[in-house]
1. Before anything else, pin down the relative contact order of the range 11-108: Cα pairs under 8 Å, at least 6 apart, normalised by residue count, whole percent.
2. If you roll a 1.4 Å probe over the chain with all protein chains in place, what percent of the accessible area is carbon or sulfur?
3. For D214 and Q20, what does the FRET efficiency come to when R0 = 30 Å and r is the distance between their Cβ atoms, rounded to the nearest 0.05?
4. Over the range 162-208, what relative contact order in percent results from Cα pairs under 8 Å that are six or more residues apart?
5. Starting with the highest mean, order 9-15, 107-113 by the number of other Cβ atoms within 10 Å, averaged over the residues of each peptide.
6. Hey, with R₀ at 30 Å, roughly what FRET efficiency would F99 and L199 work out to, going by the Cβ-Cβ distance, to 0.05?
7. Per residue, how many Å² of accessible area does the chain show with a 1.4 Å probe?
8. In a GNM of the chain with a 10 Å cut-off on Cα contacts, which of L219, L204, L61 has the highest mean-square fluctuation?
Amino acid sequence: TVGLNYSLDDDSGVFARVNQGSKMPFFDDFRDNFTAYSNGEDLIKEVEQYEFGYKFSRSDLNIYATAFFNEVKGDTFVRQPGTPAEILTNEAFGIELDFNYYSGDGFSINLNSTFQETEITESPNNQGNEAQRQPGWQVRITPSYEIEFNNGMYATIYGNISAVGDRYANNENTVTLDGYEKIDLGVVLNLSDEVQMQLSVSNLTDEKALTEGDPRDSLSSNGRYILPRSIDFSVSYQF
């Protein structure tokens, strides 16, 4: 890793970073890709990443913007146990945005987002396609508000809004997973320094969506879904 940071003034600066590394194979790699290993594939993944960004930081406001490019050579994909492994090279470039604001009256908000383009640049059959399960964009907004009462109790009301764009379930790009939005809400009430109560609602609108499908069988009904609406209440006591 090689990095460079340059301060423009007391509150802002720019930075650049280059990462290069390798991921050695582990047991499952040898088990699933033994034929490829026997034919001379070392099963070592080579990773390169380049970043350039801007940062602004004050006591009430933080802004970070990072442009990135990464490449993974030697990525393996086995469609069914015992079938030959597909050796891939995946690339991605895009920008990450992170924003934090803290007001003086207890309100704060965080925004985190990623916009990217992905491509399979080397593949036996899927060169030029997008990488599976990688959305072109995703955004998460988290507001919160802290309230302090005259009797010493204090509470935090918070929410989380996340949105994910469409993405492909397989390397062939024949199955599309629709994007979705998910809303979570909650409140934490501190009755004292020892007693805390928390009420949280996950997936408030009961959104139905898949986070991933079955990349090995485009006709399969298998998939991982976001959990339906749920409500949790807890009480804790700290000695």
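The values are calculated or read from the model by the stated rules, or taken from the named source; none is laboratory data. As the structure is a prediction and not an experimental result, all values here were calculated from the model. Backbone-built Cβ (ideal geometry, glycine too); neighbour counts: all protein chains shown. Heads up: the accessible areas ignore ligands, DNA and RNA and are worked out on the full protein's heavy atoms, side chains in. Shrake-Rupley method; radii C 1.70, N 1.55, O 1.52, S 1.80 Å.
1. 27
2. The value for the chain is 53 percent carbon and sulfur by accessible area.
3. The computed FRET efficiency comes out at 0.35.
4. Worked out over the range 162-208, it gives 31 percent.
5. 107-113, 9-15
6. 0.65
7. I get 62 Å² per residue for this part.
8. Result for the chain, Cα springs under 10 Å: L219 fluctuates most.
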